[in-house]
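Beneath this line is the structure, given in C-alpha cells, with notes to follow.
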C-alpha cells in the first residue's frame, strides 16, 4: 500500500449552520457540493483535491480547550501575522507559537464545537 495524499478530514459539529459560517467566513474555506446522505453536513475545499467534511452530531461535548497536543488538523497559511490579526479581529481565541520546535510558526484555535485547528507557515517567525 502507498498513501498518495490526505483527501479529507471529517469533524462532528452540533450546529451545521454555525460551523459553516465559521469555516467559510473566518477560515475562508470554499464550500463545495455535498451528496444528500440523509443527514446534515457540509463539505469544503482545501487547496487542490483536499476537503474538510462537517457531520451533524447532536450530542457533542464542547469541553475542549486549545491544546496543541490534542486531536487537531492543520492548515498551511500564507502569512502568520496577518492570520493572527484576522482571527483576533473576528474575536477568535488563539494560542500563538511563533517559535515552535516543529519548524512551523503555529497558531491554534477552536471552531464553535471545540474542534482544534492549527494554522501554520512553513518557516518559523523570529
Problem set entry | Pair list, Cβ under 7 Å, 6 or more apart: the range 5-20 residue more than 15 Å from residue 33 (Cα to Cα), other residue part of a helix (DSSP H, G or I) | 13/19
Seminar exercise, completed: For the range 36-51 the number of residues that are under 15 Å from residue 16 (Cα atoms) and assigned to a loop (DSSP other than H, G, I, E, B) is 5
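Could you check, for the range 12-25, whether at least one of its residues is in contact with a helix residue (DSSP H, G or I) (Cβ under 8 Å, 6 or more places away or on another chain) and either modelled with pLDDT under 95 or over 18 Å from residue 91 (Cα atoms) (or both)? Walk me through it before giving the result.
Residues of the range 12-25 in contact with a helix residue (DSSP H, G or I) (Cβ under 8 Å, 6 or more places away or on another chain): 13.
Now drop any that are not either modelled with pLDDT under 95 or over 18 Å from residue 91 (Cα atoms) (or both), which leaves 13.
Yes, the range 12-25 has at least one match.
Looking at the structure I just gave you, is residue 31 closer than 29 Å to residue 79 by Cα, surrounded by 10 or more Cβ atoms within 10 Å (Cβ to Cβ) and in contact with a strand residue (DSSP E or B) (Cβ under 8 Å, 6 or more places away or on another chain)? Break it down stepwise before answering.
Values: closer than 29 Å to residue 79 by Cα: yes; surrounded by 10 or more Cβ atoms within 10 Å (Cβ to Cβ): yes; in contact with a strand residue (DSSP E or B) (Cβ under 8 Å, 6 or more places away or on another chain): yes.
Judged against the criteria, residue 31 is a match.
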For this session: Take the residues in the range 93-126 that are in contact with a helix residue (DSSP H, G or I) (Cβ under 6 Å, 6 or more places away or on another chain) and assigned to a loop (DSSP other than H, G, I, E, B), then tell me which one is surrounded by the most Cβ atoms within 10 Å (Cβ to Cβ).
Result: 111
Exercise. Assuming residue 37 fulfils every condition listed in (1) in the same structural domain as residue 16 (by TED's automatic domain parsing); (2) touching a strand residue (DSSP E or B) at 6+ places or on another chain (Cβ under 8 Å) apart from one, which condition is it?
Worked result: (2)
Exercise. Yes or no: residue 73 in a strand (DSSP E or B), in contact (Cβ under 8 Å) with a residue 60 or more places away in the chain and either out of contact with any helix residue (DSSP H, G or I) (no Cβ under 9 Å at 6 or more places or on another chain) or over 21 Å from residue 104 (Cα atoms) (or both)?
Worked result: yes
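The values are calculated or read from the model by the stated rules, or taken from the named source; none is laboratory data. This is a predicted model, so every value here is computed, not measured. With ideal geometry, Cβ positions are generated from the backbone for all residues, glycine too; neighbour counts draw on all protein chains shown.
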